[in-house]
Amino acid sequence: MRTKNVADEVTRAALELFSTRGYANTSVQQIVEAAGVTKGAMYHYFTSKDDLLFAIYERMLSLQKSRLDEITARGGPAEEVLRAVCVDVMETSIEFLPEGTVFFRSVHMLSEDRQKEVTRRRREYNDQFAAIVERGQASGVFRDDVPMAVLIAHFFSDVHYLSHWYRPEGPETKTEVAQQVTDLFLRSIRKET
């Protein structure tokens, strides 16, 4: 007999319902029925629907940040490090496409405290990303005639809009797409010689 992990079952059910019905149109009762658990079991792991929405996105945020830390800790030339980071964030965003899609559609419905936490964590990631670009600018590899905010938005707009244009059943694998988007980005910020 299979023992199910309640937190995983609730998260899976919430993700499916939030993506098909929308966050605002999904009740806690619908989530627990779809997960096959009681409300008490759900509330053992999640204090609210808000907590559940945050948890859906938090897993991706944590994974991407830990991988960013690993990649930057290895060191190397700024362009190689930035390439590895960009490919990783694209691949993990594709792996977690349903989670990212639900989150970006519903982030404005999170409590103010949760929204601040997401902003803080995304800012931390962006600051580390910017530091890699700045290192490349200082070494003369990357252009410095465009504000950093524009450079970062240029790359992450492709990431944040993946659900609008990427299709897993398409002809390219997630790695091919990640490498193609990364190549386009790096070409656009490389300093002309």
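What the table shows:
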{"item": "Cα-based helix-to-principal-axis angle, 174-189 vs the chain, degrees rounded to 10", "result": "40"}
{"item": "Value at 222 nm in deg cm²/dmol, rounded to 500, when DSSP H runs of n ≥ 4 in the chain each add -39,500 (n - 2.57)", "result": "-24500 deg cm²/dmol"}
{"item": "Kirkwood-type radius of the stretch 1-54, with distances r between different C-alpha atoms, in Å", "result": "10.9"}
{"item": "Over 29 Å (Cα to Cα) - which of Lys116/Lys174; Lys39/Lys116; Lys49/Lys116 fall in this group", "result": "Lys116/Lys174"}
{"item": "Segment Val150-Arg67, length gained on full extension (0.36 nm per residue, minus Cα span)", "result": "27.5 nm"}
{"item": "Fraction of alpha-carbon pairs over 19 Å apart in the stretch 12-92 - percent", "result": "51"}
{"item": "Of the chymotrypsin sites (Phe, Trp or Tyr not before Pro) in the stretch 79-161, those whose Cβ has at most 12 other Cβ within 10 Å and which sit in DSSP loop", "result": "Tyr161"}
{"item": "Cα pair distances of the chain binned at 10 Å [whole percent]", "result": "8, 32, 31, 19, 8, 2, 0"}
{"item": "P(r) of the stretch 50-135 over all Cα-Cα pairs, binned every 5 Å from zero, in whole percent", "result": "3, 14, 25, 23, 16, 11, 6, 2, 0"}
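Since every read-out is calculated from the coordinates, none of them should be taken as a lab result. Remember, it's a predicted structure, so these values are computed and weren't measured experimentally. Neighbour counts run over all protein chains shown; Cβ positions are idealised from the backbone, glycine included.
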